[in-house]
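The values are calculated or read from the model by the stated rules, or taken from the named source; none is laboratory data. The model shown is predicted, which means the values in this text are computed figures rather than measured ones. All Cβ positions, glycine included, derive from the backbone under ideal geometry; neighbour counts span all protein chains shown. Accessible surface areas use protein heavy atoms only, side chains included; no ligands, DNA or RNA. Shrake-Rupley method; radii C 1.70, N 1.55, O 1.52, S 1.80 Å.
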Amino acid sequence: MAKSVLVDLTRCIGCRGCQAACKEWNEQPARKTVFKGEYSNPVRLNSDTYTRIRFSEKDDKGRPVWSFIKEQCLHCVEPACASVCPVAALTKTPNGPVVYDYDRCIGCRYCMLACPFQIPTFEWESARPWVQKCSFCSERINDGLLPACVKVCPTTTMFYGERKEVLAEAQKRIADNPSKYVNHIYGEKEAGGTSWIYISNVPFNELGFRRNVPQIRLPDLTWSYIGKVPALFGVVLIAGAGSWIITRRKEAEKKEEQR
Amino acid sequence: MKNNHEIKLMTPFTLLLLFVIGLGAVLVIYRLANGLGAVTNLNDDFPWGLWIGFDMLGGVAMAAGGFIIAGAVYLLNMKKYKPILRPAVLTAFLGYLLAVLALMLDLGQPHRIWHPAVMWQVHSVMWVVAMHVIFYTMTLAIESSPMLFEKLKWQSAVNLVNKIIVPVVLFGVMLSVLHQSSLGAVYLIVPGKLSPLWSTTFLPYLFLVSAVMMGLSMVSLETTFSSKAFKHKTDTGIISGLAKGNFIVICLYLILKLFFLVKGPGIGAAFAGSKTANMFLLEMVVGIIIPLVMLSSGSLRRNLSSVTTANIMVVGGVLLNRMNVSISGMYGFQSSTGSSYWPSLIEIIITLAIVALGIFLFKLTAKYLNLFPETEMEY
């Protein structure tokens with residue numbers, strides 16, 4: 001059944017063990033880093049980095065307050081990326097992961113455009129580039145194992161299970177500790193619901209989470225148009241054929257009169 | 001059939017075109033060998049840039065004249081426009097071929113461009129777009145083929161095309177209406193990313209209406225320019241007729257744009273003073289309001305220079321609209337984590353080379369094929 005993960009941001013200590021484990025499991029090379037005046041490294045998810053910890057430093061009356069935000073594909077319940085892919089290279093599997101099929105991809109990058117979280121990345125430096133993103137360790141899940149990042153986390157920041165259980169756990173933690181947590185489960189409704197959800201002690205908009213993510217299933221937006229395509233086709237056909245018949249008849253009448 | 005001797009092939013302008021095409025060809029080889037990162041300024045936050053915004057979205061909108069004139073002549077029996085049928089259809093054909101060329105350069109795996117034809121995904125607008133491109137390019141090839149068959153003296157082939165032309169044109173109109181609107185539908189999935197100045201569920205139909213504007217303007221410009229270049233007499237009846245049609249379409253577009261501005265973010269959003277808002281205003285004023293005024297009376301529509309200026313502004317305005325939807329309107333969201341995008345010099349040169357190739361092929365066809373038939377065709 002559809003697996004899900006709760007990320008409890010209050011538990012993360014920013015050790016980046018998940019980041020290293022992910023690279024190791026996916027056999028991705030290190031990249032030369034750039035210093036941009038912050039601790040997050042690399043500065044963005046890229047085609048060699050499926051997950052990273054973003055460091056957020058806030059000032060609370062002269063005292064620094066840190067938050068560590070785990071970034072990876074959120075594996076939407078109804079993923080926009082999979083719905084827009086013209087060759088079905090991205091698909092939502094029954095187990096939860098949104099997975100990528102190298103044999104189909106044409107490299108159009110519509111998935112990157114459509115993703116409300118800016119997650120899929122591209123191998124810009126390659127002459128035969130692929131789209132890259134977290135696979136939710138699909139093969140590991142299929143074999144009954146934990147995703148690499150979840151497995152390695154030393155502080156149980158990530159709670160793994162069925163989406164229902166995971167949502168219930170998030171609700172329970174907030175209910176048990178309402179003064180600690182903000183009353184918002186990020187990913188419960190965002191983009192129509194995601195497989196990876198977050199709870200936090202700091203409001204999500206202060207942590208750089210995307211705020212203007214529509215709270216609807218995004219593929220429905222496109223379907224509202226595509227569903228009409230056959231009807232539109234028919235309307236144009238009837239209008240076109242109709243006007244041809246009428247103008248031809250008029251022409252014939254004219255010729256008749258001239259005679 | 002003899003060549004069109006009025007048309008000189010080896011002019012300084014043609015040499016310039018060939019130079020730009022040659023430069024573009026070298027850069028295309030470099031792009032294929034080294035990947036998109038080496039030649040474009042695209043990045044993970046800006047996956048689409050100039051080649052999609054200008055070459056693809058703009059090129060296809062520019063081609064709309066083909067289905068409008070074909071439909072007017074064959075389905076609505078407006079015989080007046082028959083002299084411009086061939087150039088209009090040829091422009092559409094070249095527009096589609098070049099848009100496909102640009103798309104191939106933009107794809108990570110260009111050799112897999114055929115995948116959508118066999119790997120179906122009916123929920124994807126991009127798949128719908130791909131199928132339209134395949135079928136409509138074939139349709140346009142059939143519509144333009146009599147020119148070539150006449151040259152080759154294949155009379156039976158000409159007769160065959162003339163026999164099936166009405167259903168072919170009707171199919172072409174159906175595909176075009178769907179295709180132009182589908183390109184707008186590509187952006188339905190990003191309501192959180194695209195500025196509300198452009199984002200509306202009506203976007204597909206706005207793309208359709210503006211493509212009709214651009215198509216009419218392109219056909220009109222072509223008629224004017226080619227009659228100058230190829231020393232034909234400009235038919236002012238055709239020009240003013242196209243201008244009148246365009247006036248009505250631009251009116252409709254303005255009403256729709258204002259309606260969705262008021263219904264969506266409100267009029268104030270257009271005057272927010274931000275770069276995005278200013279781009280919206282520029283598109284509205286240059287591409288819609290000024291040309292509308294310039295085409296507003298019968299005497300203005302008979303004035304060739306007034307119509308030409310208005311046409312250029314419409315074409316520029318719709319091109320700007322496509323780039324606003326695909327780049328400016330998304331810029332705020334996509335740059336929010338510090339990324340930026342401005343097309344690289346190579347992106348610009350390759351785009352210019354594609355445009356130059358279009359003009360050169362048009363000229364070549366005008367010289368060697370019967371693009372401007374003096375006598376009426378049979379149909």
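Assorted remarks:
- Residues whose amide H comes within less than 5 Å of that of residue A:76, counting only those at least five positions distant or on another chain, are A:195 (H built at 1.01 Å from N in the peptide plane).
- Counting all C-alpha pairs of the range A:1-71, share separated by more than 19 Å (%): 42 percent
- Three principal axis extents describe the C-alpha atoms of chain B; from largest down they are 62, 53, 44 Å.
- Counting Lys and Arg as +1 and Asp and Glu as -1 over every other residue whose Cβ lies under 12 Å from the Cβ of residue A:120, the net charge comes to -1.
- Pairing chains A and B buries close to 5200 square angstrom of accessible surface in total, based on protein heavy atoms and a 1.4 angstrom probe.
- Computed accessible area, residue A:60, all protein chains, 1.4 angstrom probe, square angstrom: 70 Å²
- Summed residue charge, Cβ within 13 Å of residue A:48's Cβ, Lys/Arg positive, Asp/Glu negative: +1
- Averaging over all projection directions, the Cα-based convex hull of the range B:31-130 occupies 8.3 nm² in the image plane.
- Share of Cα-Cα pairs in the range B:184-248 lying beyond 14 Å, as whole percent: 65 percent
- Shown here are the Rg and Dmax of the Cα trace of the range B:93-167, at 15.5, 45 Å.
- At a probe radius of 1.4 angstrom, the accessible area of the protein assembly as shown per residue rounds to 44 square angstrom.
- Between the Cα long axis of helix B:236-263 and the first principal axis of chain B there is an angle of about 20°, rounded to the nearest 10.
- When chain B is treated as a Gaussian network with alpha carbon springs shorter than 10 Å, the biggest mean-square fluctuation among B:144, B:181, B:339 belongs to B:339.
- Mean separation of Cα contacts under 8 Å (6+ apart) over length of chain B, as relative contact order %: 30 percent
- Of the cross-linked pairs A:255/B:363; A:92/A:189; A:36/A:92; A:228/A:250, those separated by over 27 Å at the C-alpha level are A:255/B:363; A:36/A:92; A:228/A:250.
- GNM remark for chain B: springs join alpha carbons under 10 Å apart, and the peak mean-square fluctuation among B:55, B:235, B:44 falls on B:44.
- Radius of gyration (Cα atoms) of the range A:183-244, expressed as a multiple of 2.2 N^0.38 Å: 1.94.
- Taking the 1.4 Å solvent-accessible surface of chain B as the whole, the part contributed by carbon and sulfur is 73%.
- At least 50 Å² accessible surface lost relative to isolated chain, residues of the range A:27-56 (1.4 Å probe): A:44
- Less than 5 angstrom separates the built amide H of residue A:3 from those of A:96, all sequence-distant by 5 or more or on a different chain.
- Loop-located trypsin sites (Lys or Arg not before Pro) in the range A:56-112 whose Cβ has at most 13 other Cβ within 10 Å (DSSP): A:61
- Summing +1 for each Lys or Arg and -1 for each Asp or Glu among the other residues whose beta-carbon sits under 10 angstrom from that of residue A:90 gives +2.
- The convex hull around the C-alpha trace of the range B:39-198, projected and averaged over every direction, spans 12.0 square nanometres.
- Debye intensity ratio I(q)/I(0), log10, the range A:125-259, q values 0.10, 0.11, 0.13 Å⁻¹ (C-alpha model): -0.60, -0.67, -0.82
- Occluded residues from the range A:205-223, i.e. those whose accessible area drops by 40 Å² or more once the chain is not alone (1.4 Å probe): A:210, A:212, A:221, A:222, A:223
- Working note: Karplus 6.51/-1.76/1.60 with θ = phi - 60° gives the range A:13-23 the couplings 9, x, 7, 6, x, 4, 4, 5, 4, 4, 4 Hz, where Gly and Pro are set to x.
- Both radii are taken from the alpha-carbon atoms of the protein assembly as shown; with Rh as the Kirkwood radius, Rg/Rh is 1.03.
- Ordering B:224, B:276, B:337 by accessible surface, largest first, gives B:337, B:276, B:224; the 1.4 Å probe counts only protein heavy atoms, with every chain in place.
- The Cα atoms of the range A:88-173 cover 46, 26, 25 Å along the three principal axes, with the biggest extent listed first.
- Largest mean-square fluctuation among B:257, B:244, B:153, in a Gaussian network model of chain B whose springs join Cα atoms under 10 Å apart, belongs to B:153.
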